[in-house]
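**Student:** The structure that follows is given in the form of structure tokens.
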Amino acid sequence: MTTQRLVRVEKEWKRHHEKKGRVNQTANKTAMEFKRHRENKGRVNQTANQTAMEFKRHCEPNLRVIPDPLSDDEEDHEDIENEDGYVAPRDVEDPEGLLALEKTFKSSEDFKLAVLRYSLKTRYGIKLYRSQALKVGAKCCYVDEDGIKCPWRVSCSYERRKHKMQIKVYINEHRCVRSRYTKMLKRSSIAYLFEERLRLNRKITMNEMVAEIKREYNFEVTPDQCAKAKTK
């Protein structure tokens with residue numbers, strides 16, 4: 001073998017080893033990156049498991065008892081009897097405290113909800129006669145045989161200084177009898193009352209919803225209203 005050929009073979013052997021070294025270096029780097037990836041993934045999984053366990057512990061107390069959407073509290077109630085003989089549960093929340101002159105609300109929807117709860121608790125037939133973003137009004141539906149209307153009404157409008165809705169007019173006087181119907185109980189209202197229960201159990205039937213409203217407040221709604229409320 002000539003000297004020139006020996007030099008060429010030596011150079012090729014050297015290049016081969018240098019290339020092999022670079023390959024090994026790349027392989028080692030890839031292995032280290034893969035190891036770091038596995039370690040990071042393990043830490044992420046551990047954090048996710050801890051978060052899931054904390055969420056489960058937080059939710060378990062709330063899932064043990066499904067709150068009644070038509071009730072305000074979990075305490076036992078004594079029964080009271082209205083003048084027409086209807087026996088209704090005593091609610092800790094005073095319905096007269098739901099509405100008051102100069103009382104404020106965050107939005108018109110909050111005011112409508114207060115009117116709805118007032119109607120449900122007192123069993124007076126209430127309806128909205130004005131429903132705008134910055135002004136909402138409600139009145140009693142009752143009209144006697146002589147055509148005289150019940151004077152009860154309430155009006156709430158936006159108060160610029162407080163940046164809230166505020167009751168500006170409140171005539172808290174009823175000259176009527178309790179009702180079994182209220183125009184406030186529309187499908188949207190029924191859907192709101194049963195929102196949490198329907199979220200947890202979509203199998204509640206419309207007849208069960210009708211019976212629940214009848215039992216709690218002696219108001220009558222139709223199965224069709226409840227069926228539409230379930231799909232809202």
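Every number in this text was worked out from the coordinates using simple rules, so none of it is lab data. Being a predicted model, the structure only gives us computed values, none of them experimental. With ideal geometry, Cβ positions are generated from the backbone for all residues, glycine too; neighbour counts draw on all protein chains shown.
**Student:** Pulled fully out, how much extra length does the chain show between A133 and E196, if you take 0.36 nm times their separation in residues and subtract their Cα-Cα distance? Don't jump to the answer; show the numbers that get you there.
**Tutor:** Values: separation 63, 0.36 × 63 = 22.68 nm, distance 2.60 nm.
Gain on stretching A133 to E196: 20.1 nm.
**Student:** Given the Cα-Cα distance of L101 and R160 and 0.36 nm per residue of separation, how much length would full extension add, in nm? Don't jump to the answer; show the numbers that get you there.
**Tutor:** On the way: separation 59, 0.36 × 59 = 21.24 nm, distance 1.67 nm.
Here the segment from L101 to R160 would lengthen by 19.6 nm.
**Student:** Mind checking the full-extension length gain between A211 and K228? Use 0.36 nm per residue of separation minus the Cα-Cα distance, one decimal, nm.
**Tutor:** Contour length minus Cα-Cα distance gives 4.5 nm.
**Student:** Which shape class, rounded, prolate or oblate, goes with the range 91-160 when its Cα gyration tensor gives a ≥ b ≥ c as root eigenvalues, a/c under 1.5 marks rounded, and past that a/b bigger than b/c marks prolate?
**Tutor:** oblate
**Student:** Which of the residue pairs K139/K186; K121/K168; K135/K186 have a Cα-Cα distance greater than 18 Å in the structure shown?
**Tutor:** Check vs 18 Å cut-off fails for K121/K168; K135/K186.
**Student:** In debye to the nearest 20, how big a dipole does the range 89-232 give about its Cα centre with +1 on each Lys and Arg Cβ and -1 on each Asp and Glu Cβ? Spell out each step's value before the answer.
**Tutor:** Working: 33 positive and 19 negative charges, 122 e Å.
So the dipole magnitude of the range 89-232 works out to roughly 580 debye.
**Student:** While we're here: Need one word for the range 79-231: rounded, prolate or oblate. Basis is the Cα gyration tensor (sqrt eigenvalues a ≥ b ≥ c); a/c below 1.5 gives rounded, then a/b vs b/c decides.
**Tutor:** oblate
**Student:** Compute the FRET efficiency between D146 and Y170 as 1/(1 + (r/R0)^6), taking r as their Cβ-Cβ distance and R0 = 22 Å, and round to the nearest 0.05.
**Tutor:** It comes out at approximately 0.30.
**Student:** While we're on this one: How big is the gap, in Å, between the Cα center of the range 159-226 and the Cα center of the range 94-119?
**Tutor:** 13 Å
**Student:** With only Lys, Arg, Asp and Glu charged, each at its Cβ (+1 for the first two, -1 for the last two), find how big the charge dipole of the range 165-232 is about the Cα centre; round to the nearest 20 debye.
**Tutor:** 180 debye
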